[in-house]
1. With Cβ to Cβ distances under 10 Å as the rule, what net charge do the other residues near residue 80 carry (K, R +1; D, E -1)?
2. Under the Karplus relation 6.51 cos²θ - 1.76 cosθ + 1.60, θ = phi - 60°, what is the ordered set of whole-Hz ³J(HN,Hα) values for segment 160-173, x standing for Gly and Pro?
3. Might you report the magnitude of the Cβ-based charge dipole of segment 1-59 about its Cα centre, with Lys and Arg at +1 and Asp and Glu at -1, to the nearest 20 debye?
4. Per residue, how much accessible area does the chain have with a 1.4 Å probe, in Å²?
5. Take residue 14 and residue 59, extend 7 Å from each Cα along the Cα→Cβ direction, and tell me the distance between the two endpoints in nm.
6. Step through the residues of segment 115-120 one at a time and calculate ³J(HN,Hα) from phi using the Karplus curve (6.51 cos²θ - 1.76 cosθ + 1.60, θ = phi - 60°), rounding each to whole Hz and writing x for Gly and Pro.
7. Running a GNM on the chain with Cα contacts under 10 Å, which residue among 19, 63, 128 ends up with the highest mean-square fluctuation?
8. Between segment 95-131 and segment 1-43, what is the C-alpha centre distance in whole Å?
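The values are calculated or read from the model by the stated rules, or taken from the named source; none is laboratory data. Predicted model, so just to flag it, every value in this text is computed and none were measured. Glycine also receives a Cβ, built like all others from the backbone with ideal geometry; neighbour counts cover every protein chain displayed. To get the accessible areas, we keep the full protein, side chains included, count just its heavy atoms, and leave off ligands, DNA and RNA. Shrake-Rupley method; radii C 1.70, N 1.55, O 1.52, S 1.80 Å.
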Amino acid sequence: MEKISKWVIDPAHSEVSFKVKHMMISTVTGHFEKFDATIETENDEFENATLSVEIGIDSINTKNKDRDGHLMSDDFFKADEYPKMTFISKSFAKDKIIGDLTIRDVTKEVVLDVDFNGIAVDPYGQTKAGFEIRGSINRKDFNLTWSAVTEAGNVVVSDQVKMVIDAQFIKQA
C-alpha cells in the first residue's frame, strides 16, 4: 500500500468565490475570506483523493456591508446558527469531484468540474499542487430561499449560484 500524502490549502494563493445574477442583468461576485482545506492522496495524480473543505460564513465579502449582513441573516446563511459551510469529497477524479456540500442544515451531493494544473516546487522548496474547481448549485436546495421581484417583474437574486475556487495546496512532509 502506498503512503498517504497530506496536502493543506495555501490561503495566500487560493480563492473561494461565487457569482450570482442580480436583477437578471448583472453578476455580483463574492468571496469567502476564511477557509481551510486538506487533501489526502496516495498518488500525485490525486485519483481517489479525499478533499475536505470548511468555509467561514462570517467571512463573506461582496464589497457591500449591507448585502454581506443580509447574506449572513436568516434570509440566507443564518450564520449565527450555521457558521460553517463544508464539503467532503466522495469521489475525486482528474476532471470531477463528487461530494457532500453542507450549507445551513442541508447536505446535498454536488458534482464539481476540476482542472488539475499540476505540481511544482516553489523557490522555498515547498511542493505545491494547483486546481481550478467550478460548479453550480441552486441556492434554494440549501434553504437559501429569500426572494424578491422588482416592479418590472425581474427576480432580484437568481436561484443559480456559480462556485469558482482557485486552490493551491502545499504538500506536508
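1. Details: positive: 78; negative: 58, 74, 81.
Net local charge, residue 80 excluded: -2.
2. 7, 10, 8, 9, 9, 10, 10, 10, 10, 10, 10, 6, 8, 5
3. Working: 5 positive and 12 negative charges, 88 e Å.
In debye, rounded to 20, segment 1-59 gives about 420.
4. 56
5. Between residue 14 and residue 59, the label points sit 0.9 nm apart.
6. For segment 115-120, the Karplus curve yields 10, 8, 8, x, 10, 9 Hz.
7. Maximum fluctuation in the GNM of the chain, among the listed residues, is at 63.
8. The distance from the Cα centre of segment 95-131 to that of segment 1-43 comes to 7 Å.
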